[in-house]
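If you scroll down you'll find the structure; I have some questions about it.
The values are calculated or read from the model by the stated rules, or taken from the named source; none is laboratory data. Remember, predicted model here, so these are calculated numbers, not experimental data. Note: ideal-geometry Cβ built from the backbone for every residue, glycine included; neighbour counts use all protein chains shown.
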Amino acid sequence: MKNIQAIVLAAGKATRFNTGTTKLTQKICGQEMVLYLTKLLTHLKIPTTLVVGYQKEQVMETVKRQHEQAVSFVTQEEQLGTGHALMCTKSQWQSENLLILNGDMPLIAEDIIQGLYDKHCQTQAVMSFVVAHSEDPAGYSYGRVIQIDGSLQIVEAKHFDGDPHEHCFVNAGVYIVSRSFLEQAISEIKKNEKSREFYLTDLVQIASNHKKTVSTTLAAFDRIRGVNDLQELWAAEQIKRSELIRYWMSKGVRFTMPQAIHLDVQVSIGAGTTISGGVHLVGNCAIGSNCTIGAFSSLSEATIGDQVMIEPHCIISDATIGAHAHIGPFAHLHNQAIVKEHAHIESFTYTTQQGTHKATTAHQYVSTAEQNTTPTSFPGAIKPQKEA
């Protein structure tokens, strides 16, 4: 893609989250929401400007940590709508075309952007945008695409009072706009009388009224989902996790209960490995080939060699395990623990230090089980109080 730059709208307050924090730093499968979009645009080598506002320090810190100086920022001091956010970036407009996206789209993929760009160029449109088919049962998340007597417009969800079955296409929030058209049309966006906001979507009707070419491309709804509340965050994470699991299945990894797995995007797994139900794989985990991860074990920031057996209910954090090792069940490894090849870490163990020999066995937490007949002798248990 040539002669194009991206503007990501990331200034909103996310009031429907009711968390008091920006939604853009909420994690989906271990990665902040906003980074899914910025990483994609960086991969496509599209220069990117992020419009920030609400809790901008947190958003900027997250993006800078990943991209350093590769992404620029513009502040929208007062949140007056998407049209106003776009107006704030006027000094940044340099390319022939501007790709404008909402910042809360973690599921969008390269082919959607490429398809929109190709259609925009082929039709020589002044504005192109992505649509999807959805009844939007929530009724408040997506603007409706309305076409009547050759006139095209987008009606924001809060103002739409028509039949969603008749107007079944929703606006995805992904646009390409010709800079020459935008420079002329931006001043025609008027403040909405009800919401007192400026809507970027008004550009569609402005272009239509001026008999300019407006193009659309169709995408699957699940690929363009936005995230406006915690229910939609949950739905987006379910979809993303399913994508990750399907990917690793195609690489030869078996999940015995894929519906009961937590899997982060940074995790890598070798072919022939089996992941049991209830397992959590968090952060930068690297699991070798032909391993078995037992049910309800939790791994975070862990490196696992080939042909390792991890029994159920193990907690492994910030640890390295050599090939052919046997861990647990009910073992806890953390704090840069290193387990040598062929080592056996027994049940109810607590390992933090580096192993020194192959085929060694760690000491158990306690050996009081033989001396006491009640389970209250184990570490962390609360002893029952005697009755008065």
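Mind listing whichever residues of the stretch 180-217 are over 22 Å from I108 (Cβ atoms) and under 30 Å from the mean Cα position of the chain (by Cα)?
Hits for the stretch 180-217 are S195, E197, F198, D202.
Additional query: Taking S195, is it among the hydroxyl-bearing types (S, T, Y), touching a Leu at 6+ places or on another chain (Cβ under 6 Å) and modelled with pLDDT under 95? Break it down stepwise before answering.
On the way: among the hydroxyl-bearing types (S, T, Y): yes; touching a Leu at 6+ places or on another chain (Cβ under 6 Å): no; modelled with pLDDT under 95: yes.
So S195 fails the test.
Related question: Between a residue in the stretch 139-150 that is at negative phi and modelled with pLDDT of 75 or more and any residue that is surrounded by 12 or more Cβ atoms within 10 Å (Cβ to Cβ) and of a type in the set (D, E, K, R), which pairs come within a Cβ distance under 7 Å, given they are 6 or more apart or on different chains?
Going by the 7 Å Cβ cut-off, the qualifying pairs are Y142/D136; G143/E156.
Residue under question is G20, and the condition is that it be at positive phi, at pLDDT 95 or above and of a type outside the set (F, W, Y); does it hold?
Working: at positive phi: yes; at pLDDT 95 or above: no; of a type outside the set (F, W, Y): yes.
No: the conditions fail for G20.
Go through the stretch 265-359 and tell me which strands (runs of 3 or more DSSP E), entirely inside it, have 1 or more residues that are within 29 Å of the chain's Cα centre (by Cα).
In the stretch 265-359, the matching strands (runs of 3 or more DSSP E) lie at 280-282, 298-300, 315-317, 319-321, 331-333.
Here is a list: A236, A220, A207. Which entry is surrounded by 14 or more Cβ atoms within 10 Å (Cβ to Cβ), closer than 27 Å to L24 by Cα and among the hydrophobic types (A, V, I, L, M, F, W, C)? Outline the logic, then answer.
On the way: A220 fails: surrounded by 14 or more Cβ atoms within 10 Å (Cβ to Cβ); A207 fails: closer than 27 Å to L24 by Cα.
A236 is the lone residue from the list that is surrounded by 14 or more Cβ atoms within 10 Å (Cβ to Cβ), closer than 27 Å to L24 by Cα and among the hydrophobic types (A, V, I, L, M, F, W, C).
Go through the stretch 53-62 residue by residue and tally those that are in contact with a helix residue (DSSP H, G or I) (Cβ under 6 Å, 6 or more places away or on another chain) and hydrophobic (A, V, I, L, M, F, W, C). Full working, then the answer.
To start, the set of residues in the stretch 53-62 that are in contact with a helix residue (DSSP H, G or I) (Cβ under 6 Å, 6 or more places away or on another chain) comprises 58-59, 62.
Next cut, hydrophobic (A, V, I, L, M, F, W, C) only: 59.
So the answer is 1.
I'm told H210 meets every condition in (1) modelled with pLDDT under 95; (2) within 23 Å of T15 (Cα to Cα) except one. Can you identify the failing condition by its number?
H210 satisfies every listed condition except (2).
A follow-up question, please. Considering only residues of the stretch 60-89 that are surrounded by fewer than 18 Cβ atoms within 10 Å (Cβ to Cβ) and among the hydroxyl-bearing types (S, T, Y), which is nearest to L41 (Cα to Cα)?
Per the stated criteria, the residue is S72.
For the stretch 24-98, give me every one of the helices (runs of 4 or more DSSP H) that falls completely inside it and has 1 or more residues that are within 30 Å of L281 (Cα to Cα) and not basic (K, R).
Working: elements: 33-43, 56-67, 82-87.
Qualifying helices (runs of 4 or more DSSP H): 33-43, 56-67.
G277 passes all but one of (1) of a type outside the set (F, W, Y); (2) within 24 Å of A260 (Cα to Cα); (3) in contact with a Leu (Cβ under 8 Å, 6 or more places away or on another chain); (4) surrounded by fewer than 16 Cβ atoms within 10 Å (Cβ to Cβ); which number fails?
Single failed check for G277: (3).
Additional query: For the stretch 126-148, indicate whether the set of residues that are out of contact with any Ser or Thr (no Cβ under 6 Å at 6 or more places or on another chain), assigned by TED's automatic domain parsing to the domain that holds V177 and under 20 Å from T38 (Cβ atoms) is non-empty.
Scanning the stretch 126-148, I find no residue that is out of contact with any Ser or Thr (no Cβ under 6 Å at 6 or more places or on another chain), assigned by TED's automatic domain parsing to the domain that holds V177 and under 20 Å from T38 (Cβ atoms), so the answer is no.
For Q259, work out the one condition from (1) polar (S, T, N, Q); (2) part of a loop (DSSP other than H, G, I, E, B); (3) within 24 Å of Y36 (Cβ to Cβ); (4) without any contact (Cβ under 8 Å) to a residue 60 or more places away in the chain it doesn't fulfil.
(2)
Another question, if that's okay. If A207 satisfies every condition in (1) assigned to a helix (DSSP H, G or I); (2) of a type outside the set (V, I, T); (3) not assigned by TED's automatic domain parsing to the domain that holds L98 but one, which is the exception?
Tallying (1) assigned to a helix (DSSP H, G or I); (2) of a type outside the set (V, I, T); (3) not assigned by TED's automatic domain parsing to the domain that holds L98, A207 fails exactly one: (3).
Could you grab the pairs with beta carbons closer than 7 Å, sequence gap of 6+ or different chains, first residue in the stretch 30-43 and buried (at least 21 other Cβ atoms within 10 Å of the Cβ), second one among the basic types (K, R)?
Pairs that qualify, where the first residue is buried (at least 21 other Cβ atoms within 10 Å of the Cβ) and the partner is among the basic types (K, R), are M33/K23.
Next up: On the given criteria, is H357 more than 30 Å from Q259 (Cα to Cα) and modelled with pLDDT of 95 or more? Quick ask: steps written out before the conclusion?
Numbers: more than 30 Å from Q259 (Cα to Cα): yes; modelled with pLDDT of 95 or more: no.
The answer is no for H357.
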